[in-house]
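Take a look at the structure set out below.
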Amino acid sequence: MSRPRCARDETEKFDVAIPTLSPEQLQAARAAATESRRARAALKNAVRDGSKTLADALDECAKDDVLAHIRVADLLKAVPRIGEKRAAEIMEKYDIAANRRVRGLGRHQVAGLKSEFN
């Protein structure tokens with residue numbers, strides 16, 4: 001027995017208006033994206049060279065929306081002596097998905113990560 005098709009089938013088309021950006025708006029968006037990437041890279045480098053601890057980095061991410069977009073795995077791998085395998089083990093221990101970003105962590109996950117490195 002086949003199910004009846006919904007009213008919106010392949011013959012019905014929906015036009016979605018995509019905003020067109022001026023060259024100035026595109027340039028501003030590119031500059032903002034570049035600045036965001038640099039800020040995230042600077043935080044990872046600070047963790048990598050030891051000038052910031054993971055707890056400091058997590059606290060900074062909680063305050064800054066741009067930094068909160070760092071993937072947890074990337075931040076963990078920036079910690080000295082933590083590679084792909086150990087980062088995955090730590091994330092599994094605290095039930096953190098592989099694609100999770102810092103802004104998506106729960107308070108217990110953040111507390112667990114901080115306690116792991118203290």
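We did not get these values from a lab; they are worked out from the coordinates using the rules stated. Keep in mind that what you see is a predicted model, and the values were worked out from it rather than measured. Positions of Cβ are generated from backbone atoms using ideal geometry, with glycine treated the same way; all protein chains shown enter the neighbour counts.
A viscosity of 1.306 mPa s and a temperature of 10 °C, combined with the Kirkwood radius over Cα pairs in Stokes-Einstein, give a translational diffusion coefficient for the range 26-116 of 119 µm²/s.
Working note: 222 nm ellipticity from helices only, DSSP H runs with n ≥ 4, each -39,500 (n - 2.57), summed and divided by the residues of the chain, gives -17000 deg cm²/dmol to the nearest 500. The magnitude of the dipole of the range 26-116, with charges of +1 and -1 set on the Cβ of Lys/Arg and Asp/Glu and taken from the Cα centre, is near 200 debye. Label positions at A28 and S51, each projected 7 Å from the Cα along the C-beta direction, are separated by 3.1 nm. Here D15 and A62 are evaluated by their C-beta separation; at R0 = 35 Å the FRET efficiency comes out at 0.30. Here's the list of lysines a cross-link from K63 could span, going by alpha-carbon distance under 26 Å and ignoring same-chain residues fewer than 8 apart: K44, K52, K77, K93, K114.
Working ranking of peptides 51-61, 30-40 by packing, defined as the average number of other Cβ atoms within 10 Å per residue, highest first, is 51-61, 30-40.
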